[in-house]
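S.K.: I am attaching a structure below and will ask some questions about it afterwards.
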Amino acid sequence: MALKDLIVDSGAVAEDMIEKIISAYVRYEIDPPAIVFTPESNTLDNAAKVIVYFTAVLGWRYVLDEPPIVSTKPADLEHALGIPGGTLRPVLKKLKDNHILVISDGHYSIRASNLGAAEKLINGETHLRASKPKSKGTKAGNAGTVSV
């Protein structure tokens, strides 16, 4: 296998994959632009709902010639997803730690190259690994040991 075989042509793959992932769970409203969850989305756990939403945000580029700018900071996501911040933030962290979501300037997003993994998570074919607990630091004089 050559390294060139690892290149993802996101434009060629993304639209079909996006439709496959979101078709049962969201609809696009055009005026004003909005992503609307269907009743079927109530069957999704929080991580899957987050993935579906980010996949739908990625899909705007195929729906409108000038896609809307969607703020994907946690506070904005709380409103869009209807998930309280104390529940949402750990889900976002876990999805980021599992390389499903990326974060830039406080905004989360999903990359087209991660849509296959996202689909497997939604379908229950794979599971998120647990986030590692944060270290509380070291005590003075006990270099290398974690204080509890």
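The values are calculated or read from the model by the stated rules, or taken from the named source; none is laboratory data. Everything quoted here is computed from the prediction, not taken from an experiment. Cβ atoms come from the backbone with ideal geometry, glycine included; neighbour counts cover every protein chain shown.
S.K.: Would you mind stating whether GLY116 is touching a Pro at 6+ places or on another chain (Cβ under 7 Å) and modelled with pLDDT under 95? I'd like the intermediate steps shown before the answer.
M.R.: On the way: touching a Pro at 6+ places or on another chain (Cβ under 7 Å): no; modelled with pLDDT under 95: yes.
The answer is no for GLY116.
S.K.: Kindly provide the set of residues from segment 40-79 that are among the hydroxyl-bearing types (Ser, Thr, Tyr), in contact (Cβ under 8 Å) with a residue 24 or more places away in the chain and surrounded by fewer than 18 Cβ atoms within 10 Å (Cβ to Cβ), ordered by number.
M.R.: Going residue by residue through segment 40-79, those that are among the hydroxyl-bearing types (Ser, Thr, Tyr) are 41, 43, 53, 55, 62, 71-72.
Okay, now just the ones that are also in contact (Cβ under 8 Å) with a residue 24 or more places away in the chain, so 53, 55, 62, 71-72.
Answer for segment 40-79, where residues must be among the hydroxyl-bearing types (Ser, Thr, Tyr), in contact (Cβ under 8 Å) with a residue 24 or more places away in the chain and surrounded by fewer than 18 Cβ atoms within 10 Å (Cβ to Cβ): TYR62, SER71.
S.K.: Residues of segment 20-39 being touching a residue at least 12 places away in the same chain (Cβ under 8 Å) and among the β-branched types (Val, Ile, Thr), which ones?
M.R.: Result: ILE21, ILE22, VAL26, ILE30, ILE35, THR38.
S.K.: Could you list, in sequence order, the residues of segment 58-89 that are touching a Pro at 6+ places or on another chain (Cβ under 9 Å) and β-branched (Val, Ile, Thr)?
M.R.: VAL63, VAL70, listed by residue number.
S.K.: May I ask you to list the residues in segment 41-95 that are assigned to a helix (DSSP H, G or I) and acidic (Asp, Glu)?
M.R.: Restricting attention to segment 41-95, the residues satisfying the condition of being assigned to a helix (DSSP H, G or I) are 41-43, 46-63, 74-81, 85-95.
Passing the criteria: ASP76, GLU78.
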